[in-house]
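This report refers to the structure that appears directly beneath it.
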Amino acid sequence: MTAREEILGRIRTALGPDRAAPAPIARNYRTADDRSAAQLLDVLTDRLEDYKATVLRCAPSEVAQTVASALQATLGEHPEADVVVAPGLPADWRPDGATEDDGRPAVELAGYAATVTGVSVAVAETGTLVLDGSPVCGRRALSLLPDCLVCVVTGDQVVGGVPEGLARLEPLAPLTMISGPSATSDIELQRVEGVHGPRTLLVVLVG
Amino acid sequence: MKVALFATCLVDTMVPQVARATATLLERLGHEVVVPAGQSCCGQMHVNTGYRHEAVPIVANHVRAFAGAEAIVAPSGSCVASIHHQQAAVARRAGEHALADEAELLAGRTYELSQFLVDVLGVTDVGAFYPHRVTYHPTCHSLRLLRVGDRPLQLLRAVRGLDLVELPGADQCCGFGGTFAVKNADISTAMLTDKMANVLSTHAEVCTAGDASCLMHIGGGLSRLRAGTRTVHLAEILASTEEAVNPQQSTKPSVPA
Amino acid sequence: MPAFGTGSGAVALRFRYRKRESAMTAVFLGIPTAPRDVGHLRGDQSFPDAARGALRDGQLRANLGHATSTIRAKRARVVGEVPDWAELREAGRAIKAATMARLDEHLIALEEQVTARGGTVHWARDANEANAIVTRLVQATGADEVVKVKSMATQEIGLNEALEAAGITALETDLAELIVQLGDDKPSHILVPAIHKNRSEIREIFARTIPGVDPELTDEPRKLAMAARTHLRERFLRARVAVSGANFAIAETGTLTVVESEGNGRMCLTLPETLITVMGIEKVVPTWRDLEVFLQLLPRSSTGERMNPYTSLWAGVTPGDGPQDFHLVLLDNGRTAVLADEVGREALHCIRCSACLNVCPVYERAGGHAYGSVYPGPIGAVLSPQLTGVEDNASLPYASSLCGACYDVCPVAIDIPSILVHLRAEHVEAQTRTTPEAAAFRALSKVMSSPRLWHLAQRAAGLGRFLARGKPTLPAALPPPASKWTRTRDLPTPPRETFTQAWAREHGR
């Protein structure tokens, strides 16, 4: 007998011959949010800042400029080519001279100082940005290896809670949920920011 | 109301003054108290130590002893919790379905003292007088299984002369846990030490609770430390009046001569 | 409980019991528990003995007291701000119960979906089989080093030791796991394996073991985290194989989930060519929607955060993004034996948040090592004895005062105290000879179920007054088992007359 057959057989033995139908699952928790878009943006900002992300709000026409000045503030004077962007990032969001991720070996992305990507969904209540591997978000290594991550979020991408966020996502895509910069609570259960992932998270909120 | 008093095995055998105080209090509030002679134990110690089969005849005895009672009151959160959460279950597991049904019905009419006073009788001021500095330990089973909440505190706040001080880390277990206190005596003692430190930090003269078992544990530790603070059951405080302030200590310090 | 003086030398009264009608145990059904020769589910000492040693370690107790009180406050704050926590908790419980009721079907669906998306699914009956599968998969890549994401399942089966025996270095990349590995220590907590170490002890371990570490390294947590980053960075970039666990696997889509904080998980899940995920079979959840419940319950219960910094989700292989060779190892190792126990199977609902450890007064004082298993604390006390068979971890179900704090904080409402009590009974009923304790409890049962015998026994207890010789408490030096009480607490002298006797006398009966 294969291990598969044996384990499945054990499960059937364990559960016995007359299995009752599982009780229906009551989903009486919140799955919608009646807060206005503006309120959600405020909540998202509050939650992101609580986890030591830097949040910059701007108008749709000011994205590239806001990204550039945020990078300037974080990296100081830096070669323009030190910044790598997701291949599908809109042209008017890109800082001047940035490199586009062209699918080179992933480890080479570690050589860049900063990354700029879009997001798929943002969850206000938990301060979570979700990247889904689409061209505007880029592959997973892109938002991981450079030490500074800039995410551009548009107002229509912001939802209230986790259920609304997950409902907008494609379960088969490679997803990364990001809530603040890399952190650890492993020393005396105190949270400190900055371990293996990007130590700086800049979020540009559009609208 | 005619109230059947379940003294519990521990109180009846070791600290009878707690059952006496419960009876005195209920009578003072104008109720008739009966004490069924056939009572012994709820079976909790057997169930919690792993002897659930052996608990069944004890449950049967309890159900027999209190059959027909209108309301049953016990000065113990832990025993009432066992009656509510364990008796029917162990009977059912043993195939004693009729007993389980009876135990369930009886549990529906069984109350922990503070719940009975506040929820059934609707009183918080029982007319007590107790001129002492007191801190209250909310025992685990009263707190988490019975959810008595702040009922004991409501009762204590209404006691004249009583100076109620908050116990730091109140929701932490005292380390009693029935046979845990002997099977894991060292951990139990470590938990007791921290509980006593918190009790002593209040400078209270008395630590009270709704469970004689936990009080015997805390009181036994305080007595061994030669601490001045003693443990007194909630029923004894509520039974005290201007005419009769005579709370007996559960555990008096045994200072060598 | 020694308060009852019914005689420790009680005669074993013969007592017949109705045969159990629901004797559905794993042993009876022939479902094997986790094997003895491998893994980390059994300790060398009983819990009380191990705890006695731990209690003497003042540094340990200070570290644990500080860490657990910090996390308790954080958890309480972020759980308190969720208005529908009770509803989420109930949904979490119900999803897990429904999953277990159809576990075979969900695993088959998961296998189909993972396979359809380019992954390979392996089934492992026990730790030895899982270790052999992973070792073979690593060897097939030609790599002699793997990077690991913190995973309870691989700790449980002793994968690192198995890989080492095959000449493969397993590098733990979670900060706390790294501390444990560098310190040649054992994990003591589900979430924070190095919770028993404080910052200065961690500094010492890093200074001693990390080659080329900054000699000026301080014990500031941020500096320590930076030292780990520097130490591991190059290893992540060169890694060809990663081994991970999984927090959730979604049957209907084949999506795997790893919840983490540091980014070491993302490094492992993203950069190597080959990813091997070892997952207990109970980690499957039926639908994508179920995640919306667990991703709210887990971080708040675990690290006391609204959301953990990183959650990675992947389904099979994505061309051009992440590992192109993905293996999922589904591990039994005693889980089906747990499933066979109608009461105990709730322990399989655990999502490994460790909230129960953080609130447990026993864990806080004894620490994780005293439990002897990679699963410590309240959940470990119900899970380990079931995975191994209760006789191999017989002291663990008693390692609790049944205070119930664990049940209150459990995000999927596992009634741990009730399972503890159930396992105590399983242990008692597994004994083939009558222990002195069993004899005493059987005698006491006989006595307590007969008012006549009970009153006689109460009179006998009253004889304890002679021991007290007029003092209000009994002597501190009583024979065992009463000595276990009287060593640290006084025992009141029994009264002359019980309440019920006095009442009967006064009321003329």
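No value in this document is a laboratory result; all are computed from the given coordinates. In this text the structure is predicted, and so the values were computed from the model without any measurement. Cβ sites come from the backbone with ideal geometry, for glycine too, and all protein chains shown count toward neighbours.
Judged by the mean number of other Cβ atoms found within 10 Å, the most tightly packed of the peptides C:469-477, B:41-49, C:442-450 leads the ranking B:41-49, C:442-450, C:469-477.
Distance between the modelled labels on residue B:123 and residue A:12, one decimal in nanometres: 6.5 nm (7 Å Cα→Cβ projection). If you keep only loop residues by DSSP, which chymotrypsin sites (Phe, Trp or Tyr not before Pro) in region C:344-445 have at most 13 other Cβ atoms within 10 Å of their Cβ? Counting only loop positions with at most 13 other Cβ atoms within 10 Å, none of the chymotrypsin sites (Phe, Trp or Tyr not before Pro) in region C:344-445 qualifies. The lysines whose alpha-carbon is closer than 29 Å to the alpha-carbon of residue C:186, local same-chain residues fewer than 8 away aside, are B:183, C:74, C:148, C:150, C:197, C:223, C:283. For region A:37-206, the fraction of alpha-carbon pairs lying more than 18 Å apart is 57 percent, rounded to a whole number. Backbone phi angles across region C:474-488, fed through the Karplus curve with coefficients 6.51, -1.76 and 1.60 (θ = phi - 60°), yield HN-Hα couplings of 6, x, 5, 9, 9, x, x, x, 4, 4, 4, 7, 6, 4, 10 Hz in residue order; Gly and Pro are listed as x. Three principal axis extents of region C:105-192 based on alpha-carbon atoms, in descending order, are 41, 30, 22 Å.
Sorting the Cα pairs of chain C by distance into bins of 10 Å, from 0 upward, gives 4, 17, 26, 24, 14, 8, 5, 2, 0, 0 percent per bin. Taking a Cβ-Cβ separation under 4.7 Å as the criterion for a possible partner, which cysteines of chain C have none? Taking the Cβ cut-off of 4.7 Å, the unpaired cysteines of chain C are C:268, C:350, C:353, C:360, C:410.
Taking amide H atoms as placed 1.01 Å from N in the peptide plane, the amide H of residue C:146 lies under 5 Å from those of C:169, C:170, C:171, each 5 or more residues away in sequence or on another chain.
The Rg/Rh ratio of region C:290-397, with Rg taken over Cα atoms and Rh as the Kirkwood radius over Cα pairs, comes to 1.04. Roughly how many Å is it from the Cα centre of region B:89-153 to that of region C:397-466, as a whole number? That distance is 20 Å. In chain C, helices alone account for a calculated mean residue ellipticity at 222 nm of -14000 deg cm²/dmol, with every DSSP H run of four or more residues adding -39,500 (n - 2.57). Helical runs assigned H by DSSP (4 residues or longer) give chain A a calculated mean residue ellipticity at 222 nm of -7000 deg cm²/dmol, each run adding -39500 (n - 2.57) before division by the residue total. The length gained on full extension between residue C:165 and residue C:234, counted as 0.36 nm times the residue separation minus their Cα-Cα distance, comes to 22.4 nm. Roughly what percent of Cα-Cα pairs across region C:397-509 reach past 19 Å? Cα-Cα pairs in region C:397-509 separated by more than 19 Å: 67 percent.
Taking amide H atoms as placed 1.01 Å from N in the peptide plane, the amide H of residue C:278 lies under 5 Å from those of C:244, C:245, C:329, each 5 or more residues away in sequence or on another chain.
Taking max minus min of the alpha-carbon positions on each principal axis, region A:43-125 gives extents of 37, 24, 23 Å, largest first.
Set the Cα radius of gyration of the protein assembly as shown against 2.2 N^0.38 Å, with N its number of residues, and you get 1.02. The charge dipole of the protein assembly as shown, taken about the Cα centre with unit charges on the Cβ atoms of Lys, Arg (+1) and Asp, Glu (-1), comes to about 4520 debye, rounded to the nearest 20. Between the helical axis of C:85-101 and the longest alpha-carbon principal axis of chain C there is an angle of about 80 degrees. Exposure here means at most 16 other Cβ atoms within 10 Å; with trypsin sites (Lys or Arg not before Pro) in a DSSP loop as sites, the longest stretch of chain A lacking them is A:53-167.
Net length available on complete extension from residue C:435 to residue C:456 is 5.1 nm, with 0.36 nm assigned per residue and the Cα-Cα distance removed.
Compute the long axis of helix A:63-75 from its Cα atoms, compare it with the longest principal axis of the Cα atoms of chain A, and write down the angle in degrees, 0 to 90, nearest 10. Helix A:63-75 sits roughly 90 degrees off the main axis of chain A. Over chain A, Cα pairs under 8 Å with separation of 6+ residues give a relative contact order of 25 percent. Positive end of the dipole of the protein assembly as shown (Cβ unit charges, origin at the Cα centre): among A:83, B:49, A:36, the Cα lying farthest that way belongs to B:49. Net charge dipole, region C:451-509: roughly 100 debye, given to the nearest 20, about the Cα centre with Cβ charges of +1 for Lys and Arg and -1 for Asp and Glu. Separation of region A:49-71 and region A:178-192, taken as the distance between their Cα centroids, equals 23 angstrom. Note on region A:37-206: antiparallel DSSP beta bridges, both residues inside, total approximately 25 percent of the bridges counted. Given region C:120-334, what whole percent of its Cα pairs are spread farther than 25 Å? Looking at region C:120-334, the distances longer than 25 Å represent 38 percent of pairs. Residue by residue along C:474-480, Cβ atoms of other protein chains within 10 Å of the local Cβ number 1 on average. Kirkwood radius for chain B, taken over all pairs of different Cα atoms as the inverse mean of 1/r, rounds to 18.5 Å. Centre-to-centre separation between the Cα atoms of region B:158-232 and those of region C:471-509: 19 Å. Mean sequence separation of contacting Cα pairs (under 8 Å, at least six apart), scaled by the length of chain C, corresponds to a relative contact order of 24 percent. Each residue of region B:120-170 gets 71 Å³ once the volume of the Cα convex hull is shared out per residue.
Peptide A:11-22 is shielded by partner chain Cβ atoms: per residue, an average of 6 of them sit within 10 Å of its Cβ.
Nearest 0.05, what FRET efficiency do residue B:153 and residue B:200 give at R0 = 22 Å with Cβ-Cβ as r? Approximately 0.60, to the nearest 0.05. Tell me, what is the percent relative contact order of chain B, built from C-alpha pairs under 8 Å that lie six or more residues apart? So the answer I get is 19 percent. Of all beta bridges that DSSP places with both ends in chain C, some 30 percent have antiparallel geometry.
Restricting the trypsin sites (Lys or Arg not before Pro) of region B:146-253 to loop positions (DSSP other than H, G, I, E, B) with no more than 16 neighbouring Cβ atoms within 10 Å leaves B:147, B:226. The charge dipole of chain A, taken about its Cα centre with unit charges on the Cβ atoms of Lys, Arg (+1), Asp and Glu (-1) only, comes to about 860 debye. Summarising the label geometry, the points placed 7 Å from Cα in the beta-carbon direction at residue C:220 and residue A:65 lie 3.7 nm from one another. When both bridge partners sit in the protein assembly as shown, DSSP labels roughly 25% of those beta bridges antiparallel.
Shielding value for C:441-453 is 6, the average number of Cβ atoms from other chains within 10 Å of each residue's Cβ.
When the scattering of region C:426-466 is computed by the Debye formula from its Cα atoms alone, each counted once and equally, what is log10 I(q)/I(0) at q = 0.21, 0.24, 0.30 Å⁻¹? Taken in order of the listed q values, log10 I(q)/I(0) reads -0.73, -0.81, -0.96. Within chain C, the longest run free of exposed loop sites, counting GluC sites (Glu not before Pro) that sit outside DSSP helix and strand states (H, G, I, E, B) and have at most 15 other Cβ atoms within 10 Å, spans C:343-496. Extent along the principal axes, Cα only, for region B:4-154: 51, 30, 28 Å, with the longest axis given first.
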